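Novice: Questions regarding the structure given below will be posed in turn.
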Amino acid sequence: MKKIKSLSESDFLKLLFGFLSTAFLIGAVCMPDRGTMFTGLWQIVSQPSKISTNYFAVGGYAATFLNMALVGYLCLALYAGLKATANNVSTLAFILTLGFCSWGINIINMWPSMLGVVIYCLAKKEKLGSQVNAMLFSTGIAPLITDLMLRYPNAEPVGFHVGGIVLALAVGFCIGFFLPAGLANSPKVHKGFDLYSAAFPVGMTAFFLQATLYKTMGVALPAAPDASTLQVASRLTVNVFCCAVFGICIIVAFVLGCRPKDYWRLIVDPALVTNFSSTYGNAVFLMNLGVYGLFILGYYNLVGATFNGVTFGVIFCMLACCNSGSHPGNVWPIMLGYVVASTVFGWLAPLAGGSFTGAVNAQAIVVGLCYANGLSPIADKYGWRFGFLAAVMHYVLVTSVPALHGGFCLYNGGFTAALICVILVPSLERFARTKEERKARKLAK
C-alpha cells in the first residue's frame, strides 16, 4: 500500500483502470454461461448495437463482461503505450467507454473513429498521447459504425461486407479527425455546466450523419431493438458485482488514509471543483467512486429499474463523472427532479388524453437520469433548486432527442444536457444568484 500511496495521480488512475478491467474479466469467468462467452462475443460484434441494445440478450452475461474487460484493457494499453497523462477527463472517458460496452460499444466498432483521431494527430503533428481521451470519446458514435458495416442501406443485417467496412472506415476517420476541434469548442457552448462535454460535438456529428446517410438519401432508419430484449436481466448479477467493486474501492480508500471528514469536505465544498483526484487526493477520489457508485446502485434499486445490460452500463456511465464534479451531495436534487417530473406528468398525461410512458423506472428514463447527472455543476453553483429544475427540463427533453441522431449517438443524454444548458444557463446568469452571492448578501445584512 505504501507504493500505491506514493503514486502520482496519473499512475494511480491507470492502476484503477486496470483494476476495473480485471474486475470485469473475473466477472466474465464467474458467470454461469461462461462456456459460451466467445461465441456470445461474436454475436455482440456481429449484430447491430443501435440504442438501446441489451448485450445480455445479444451475447449473454459472460460475453458482455468479457467485452467490457477487453475494451478496458485496450483503452488502458492506449494510455500506457502512448504515455498519456491520465487525469479527471481520462477517468470520465475510460469509465464512460466501459459503461457503453454492455449496450453499444464492442471490440470491433471502437476502432474506425479512434483511427480518425490518429490521422488528426499525424496531420497536426501532435503527440498521440495527447489525444487518447479524444480517441475514447469518439466511440460515442460506435452504433453507427456497426450499422454501416453490417446492414446499411438495408433494414436487416446482411453481415460484414467489403463495401460496408470501407464506408464505416471512411465515416469513422472523418468523425475522429474533426472531433478534437469539437471537443475544444464544446465548453463554450454549455459554459462548463455539462460534465459530458464530449456529448455535444458527438451528438451534432451523429445528427448530421443521420440526416446525410438516411434522411437525405431516402434510406429508412432501421428499427430499434425489440423492447422484449430488455427483459433479459439479472438484479442479482448486477448488484453483487457492483457492490463488490464499489465496496473494494471504499475499503482501499480507507487503507490509503481517507477519513470520513476528508470525504465530507469534498461533499460540502462550496467551490465548483471539477478534478477531485488532484484537489483532494487519490484516496478521497477513490472514496467518492465507491460511495457514489453505491448511491447510484441504490437509486436504481429503489425505483425498480430492470437490471439488464443497458441499466448495468449506465451505472458506470453515470459513475464516470465521479472525478469531474459529481457526488451524492449535488446529484440528489437531479434524482429528485426526475422522480417528481415522472409523478407529475404521470398525473397530467391522462387528463390530456395521452398515453404516459415516462415512469421513473421506464428504460428510457432510467438511461436519461444517468446523463442528467452531468448537470450537477448547476446544483453546485446555483443551489439544489436549480439543479432540480434542470433535471425536470432534462426529463422532458431526453426522450425526444434520439429523433435527431436516429439512435446512433450513445451520448444522447449528455447531448440533451448540453441543450438544457443552452436554454437554462443564460437565464440563470441573468436572473439568479449563485450560492456564494446569496451567502455574501446574507452576511451583509
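Novice: Mind running the shape call on the stretch 147-244? Use the C-alpha gyration tensor, a ≥ b ≥ c as the square roots of the eigenvalues: rounded below 1.5 for a/c, prolate if a/b tops b/c, oblate otherwise.
Specialist: It is oblate, given that a/c is not under 1.5 and a/b is not larger than b/c.
Novice: Give me the base-10 log of I(q)/I(0) for the stretch 36-165 at each q in 0.16, 0.17, 0.18 Å⁻¹, Debye formula, one uniform scatterer per Cα, rounded to two decimals.
Specialist: Log10 I(q)/I(0), no solvent term: -0.79, -0.88, -0.96.
Novice: Give the residue from PHE38, PHE94, ILE108 lying farthest towards the positive end of the charge dipole for the stretch 1-123; charges sit on Cβ (+1 for Lys and Arg, -1 for Asp and Glu) and the dipole is referred to the Cα centre.
Specialist: Towards the positive end, the residue furthest out is PHE94.
Novice: So which helices of the chain fit the span-like rule, where a helix is a whole DSSP H run, its Cα atoms reach 24 Å or more along the axis, and its mean Kyte-Doolittle is at least 1.6?
Specialist: 235-255
Novice: Mind checking which aspartates and glutamates have their C-alpha under 18 Å from LYS2, skipping anything on the same chain fewer than 8 residues away?
Specialist: Reachable aspartates and glutamates: ASP11.
Novice: Moving on to the next point. Across 5 Å bins from the origin, how do the percents of Cα pairs in the stretch 307-360 run, short distances first?
Specialist: That works out to 4, 16, 17, 19, 18, 12, 9, 4, 1, in percent per bin.
Novice: How much mean residue ellipticity at 222 nm does the chain get from its helices, if each DSSP H run of length 4 or more adds -39500 (n - 2.57) and you divide by all residues, to the nearest 500 deg cm²/dmol?
Specialist: The helix-only estimate for the chain comes to -21500 deg cm²/dmol at 222 nm.
Novice: Using a simple charge model, +1 on the beta-carbon of Lys and Arg, -1 on the beta-carbon of Asp and Glu, nothing else, what dipole does the chain show about its Cα centre, in debye to the nearest 20?
Specialist: 1320
Novice: Tally Lys/Arg at +1 and Asp/Glu at -1 over every other residue whose Cβ is under 13 Å from the Cβ of GLN210; what's the total?
Specialist: On the way: positive: LYS50, LYS215; negative: ASP147.
Cβ neighbours under 13 Å give a net charge of +1.
Novice: Ignoring chymotrypsin sites (Phe, Trp or Tyr not before Pro) that are buried or in helix or strand per DSSP, and keeping those with at most 16 other beta carbon atoms within 10 Å, what is the longest stretch of the chain between them?
Specialist: 161-355
Novice: For an R0 of 51 angstrom, estimate the FRET efficiency from the Cβ-Cβ distance between PHE38 and PHE431 and round to the nearest 0.05. Each step should come with its number before you reach the end.
Specialist: Working: r = 58 Å, r/R0 = 1.13.
E between PHE38 and PHE431, to the nearest 0.05, is 0.30.
Novice: Classify the stretch 320-445: rounded, prolate or oblate, from the alpha-carbon gyration tensor (a ≥ b ≥ c, eigenvalue square roots; a/c under 1.5 rounded; otherwise prolate if a/b is larger than b/c)?
Specialist: prolate
Novice: Sticking with this one: Compute the signed sum of charges (Lys and Arg +1, Asp and Glu -1) over the other residues within less than 14 Å, Cβ to Cβ, of VAL118.
Specialist: +2
Novice: Continuing with the same structure: Select from TYR120, ALA223, SER277 the residue farthest towards the positive end of the dipole of the chain; place +1 on Cβ of Lys and Arg, -1 on Cβ of Asp and Glu, and compute about the Cα centre.
Specialist: Checking the options against the dipole of the chain, the answer is SER277.
Novice: Then there is this: Whole-Å semi-axes of the stretch 104-189's equivalent ellipsoid, largest first, each the root of 5 times a Cα gyration tensor eigenvalue?
Specialist: Taking √(5λ) for each eigenvalue gives 25, 13, 10 Å, largest first.
Novice: Answer rounded, prolate or oblate for the stretch 183-295, using the Cα gyration tensor with square roots of eigenvalues a ≥ b ≥ c: rounded when a/c is under 1.5, else prolate when a/b is larger than b/c, else oblate. It would help to have the intermediate numbers written out before the result.
Specialist: Values: a/c = 4.15, a/b = 1.55, b/c = 2.69.
Note, shape of the stretch 183-295 comes out oblate.
Novice: With Rg/Rh (Cα atoms, Kirkwood Rh) defined as stated, name the option among (i) 0.95; (ii) 1.09; (iii) 1.18 computed from the structure displayed.
Specialist: Step by step, Rg/Rh (Cα atoms, Kirkwood Rh) for this structure corresponds to label (i).
Novice: Measure off 7 Å from each Cα along the Cα-to-Cβ vector at ASN154 and SER355, then give the distance between these two points in nanometres to one decimal.
Specialist: Distance between the two pseudo-spin positions: 3.1 nm.
Novice: May I pose another question? Gap in Å between the Cα centre of the stretch 101-143 and the Cα centre of the stretch 284-299?
Specialist: 28
Novice: A further question follows. Would you mind calculating the relative contact order of the stretch 250-352 from Cα pairs under 8 angstrom and at least 6 residues apart, reporting the percent as a whole number?
Specialist: With pairs under 8 Å counted, the relative contact order is 31 percent.
We did not get these values from a lab; they are worked out from the coordinates using the rules stated. Everything numeric in this text was worked out from a predicted model, so none of it was measured. Cβ coordinates were reconstructed from backbone atoms using ideal geometry, including for glycine residues, and neighbour counts include every protein chain displayed.
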